[in-house]
Amino acid sequence: MILAAAAPQGFLSPTGVEVAFLLVGVVTFAAAIVTVTTKQLVHAALWLVVALGGLAVEYLLLTAEFIAWVQVLIYVGSVVVLLLFGLMLTKAPIGRSPDADSGNRWAALTVAVAAAAALVWVVVDAFRAQWIDLDVPQGTTEVTGAILFRHWVLPFEALSVLLLAALVGAIVLSRKADAGEGTGAGTGTDQGTDAGADAGAATPDKEQR
Amino acid sequence: MHLAYPAVLAALLFCTGLYGVLARRNAILVLMSVELMLNAVNLNLVAFDVWLRDALHAGQALTLFTIAIAAAEIGIGLSIVLMVYRNRGTSDVDRLRDTVESAETAEPDGAPDATAAAQKAEATA
């Protein structure tokens, strides 16, 4: 895989794909920076959309087509919506909130810049002479489906069980605890939000336990 | 394409997420930064999978699994944040200091206070 000696590849003569990757990468990185530094909480979520969408374009440029559309569907479509709902339900202030950053931001900046310098130096030094050959697409939907359901079926099924467990756990965690059960041990067996309607019927049942 | 481009972009995105996790105060913003870090790892996985031309495409399969696990993580994390907000009235990670280890404050009278306040908040919620 050492192709550095080949003539048409070099830092000074980038291909069109490399130029596109670089431009989209700059946009993605800038959006990520704004996401972690802006003082407006809702704007942070919306800039996260730009960063994740830019990453989807990078996947397309790397010929991983299926991953790109999954990225758009899952991240841009659902995760950001979940985050916006979370911001709404925790009554996040619209507009500038002065306490979005904690007091240790300079220590955090130091750690992040040091880690970035070390990682970039190591990565560039290690892969200086390596080139990705993009002439054959590596991640079309056909290829991804074949490998996923031929070689990775068991992890795939285990993952579906994990997703189900996570959803059930999220529902259990976000149910409201019953008001009359503050001292009881079994706080998991509550009635949810409509406990006021049938509290009289439910109380003897709980006394038995 | 030079392999350094995606690798450097992934490293920079990871460090941006690292800064966000360490510097942000709102728990939901911390979750957003975690998403950035996970996406940086995904970019690395895809780039190295395309570079190595793995016959099993382990990198892309692992990327799909990481995306699904990230979705599960954001669901659980948000429900935990919502529960904390309902019990404490804040989603500010700097104020959740019940398990702080400080030498000067008397531990046995600080902890029951916080527990009682949490139970009261839970009862009124």
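Just so it is clear, none of the values below were taken in a lab; they were calculated from the coordinates. Just so it is clear, the model here is predicted, and its values are computed rather than measured. Virtual Cβ from ideal backbone geometry, glycine too; neighbours counted across all protein chains shown.
The mean count of C-beta atoms from other chains within 10 Å of the C-beta of residues in B:75-87, rounded to a whole number, is 6. Projected label points at A:ASN104 and B:GLU101, each 7 Å from Cα along the beta carbon direction, are separated by 1.4 nanometres.
The value of relative contact order for segment B:12-82, using C-alpha pairs under 8 Å at least six residues apart, is 29 percent.
Over segment A:46-172, the ratio between the Cα radius of gyration and 2.2 N^0.38 Å evaluates to 1.43. Ordering B:MET1, B:MET32, B:MET37 by the number of other Cβ atoms within 10 Å of each residue's own Cβ, fewest first, gives B:MET37, B:MET1, B:MET32.
Mean per-residue shielding of peptide A:168-174 is 5, counting Cβ atoms of other chains within 10 Å of each Cβ. Once you reduce segment A:107-137 and segment A:35-81 to the center of their Cα atoms, the two points are 21 Å from each other. Remark: mean inter-chain Cβ contacts per residue of A:100-113 equal 5, using a 10 Å Cβ-Cβ cutoff to other protein chain atoms. Compactness ratio for segment A:13-60: Cα radius of gyration over 2.2 N^0.38 Å (N = residue count) comes to 1.27. Each peptide in A:85-98, A:40-53 receives the mean, over its residues, of other Cβ atoms within 10 Å, and ordering these scores from highest gives A:40-53, A:85-98. Note on B:GLU101, A:GLU142, B:GLU73: ascending count of other Cβ atoms within 10 Å places them as B:GLU101, A:GLU142, B:GLU73, the fewest first. Once both labels are positioned 7 Å from their Cα atoms along Cα-to-Cβ, the gap between A:ASP135 and A:LEU46 label points is 4.6 nm.
Between A:SER13 and A:VAL172, the simple spin-label model (points 7 angstrom out along Cα→Cβ) gives 6.2 nm.
Among B:THR99, B:THR63, A:THR38, the ranking by other beta carbons within 10 Å of each residue's beta carbon, starting with the fewest, stands as B:THR99, A:THR38, B:THR63.
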